[in-house]
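To start, the structure under review is shown below, and the notes come after it.
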Amino acid sequence: MRLSEIPAPSQVRDALVYGRPGDYQIKINGDPLETRTGHARRFRLCDSAVNLLNQHGLRTIRVELGSEAIA
C-alpha cells in the first residue's frame with residue numbers, strides 16, 4: 001500500500017507501527033506501507049511513523065517496539 005492509498009479512517013481496522021530503534025515500519029489493515037518503488041517504507045524514529053498516520057486522520061494506532069517481525 002502506498003501513501004496515497006491509505007484508506008479513510010473509518011475503513012482502517014488496524015494501524016500498526018513496529019520495529020526497533022532506527023528501523024520502524026507501518027502496516028495498515030495488514031498491508032505494509034511502501035515507497036513508490038515498492039520497497040517497505042522505513043522510518044528512523046517511531047514518532048515520525050506515528051505522526052505520518054496522524055496526518056492521515058488515524059488516531060488509534062498500535063505500536064510494538066523492539067519486535068523483529070509481525071506475522
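The values are calculated or read from the model by the stated rules, or taken from the named source; none is laboratory data. All figures in this text were calculated on a predicted structure; none of them were measured in a lab. Positions of Cβ are generated from backbone atoms using ideal geometry, with glycine treated the same way; all protein chains shown enter the neighbour counts. The accessibility values were calculated without ligands, DNA or RNA, using every heavy atom of the protein model including side chains. Shrake-Rupley method; radii C 1.70, N 1.55, O 1.52, S 1.80 Å.
Report the trypsin sites (Lys or Arg not before Pro) located in the stretch 13-58 that are in a DSSP loop and have at most 12 other Cβ atoms inside 10 Å of their Cβ, or state none. Kindly include the intermediate steps, with their values, before the conclusion.
Values: sites: Arg13, Lys27, Arg36, Arg41, Arg42, Arg44; in loops: Arg13, Arg36, Arg41, Arg42, Arg44.
Loop-located and lightly packed - Arg13, Arg36, Arg44.
Out of the GluC sites (Glu not before Pro) in the chain, which ones are loop residues according to DSSP with at most 12 other C-beta atoms within 10 Å? Numbers along the way, then the final one.
On the way: sites: Glu5, Glu34, Glu64, Glu68; in loops: Glu68.
Those satisfying the criteria are Glu68.
Restricting to the chain, compute how many DSSP beta bridges are antiparallel as a %, nearest 5.
Looking only at bridges with both residues in the chain, the antiparallel portion is about 65 percent.
Which whole-number value in Å² is the accessible area per residue of the chain, probe 1.4 Å?
Details: 4690 Å² over 71 residues.
I get 66 Å² per residue for this part.
Given the DSSP H assignment, sum -39500 (n - 2.57) over each helix run of at least 4 residues in the chain and divide by its residue total; what's the result at 222 nm in deg cm²/dmol, nearest 500?
Taking each H run of at least 4 residues, the total per residue is -4000 deg cm²/dmol.
Expressed as cubic angstrom per residue, what is the convex hull volume of the alpha carbon set of the stretch 4-63?
76 Å³
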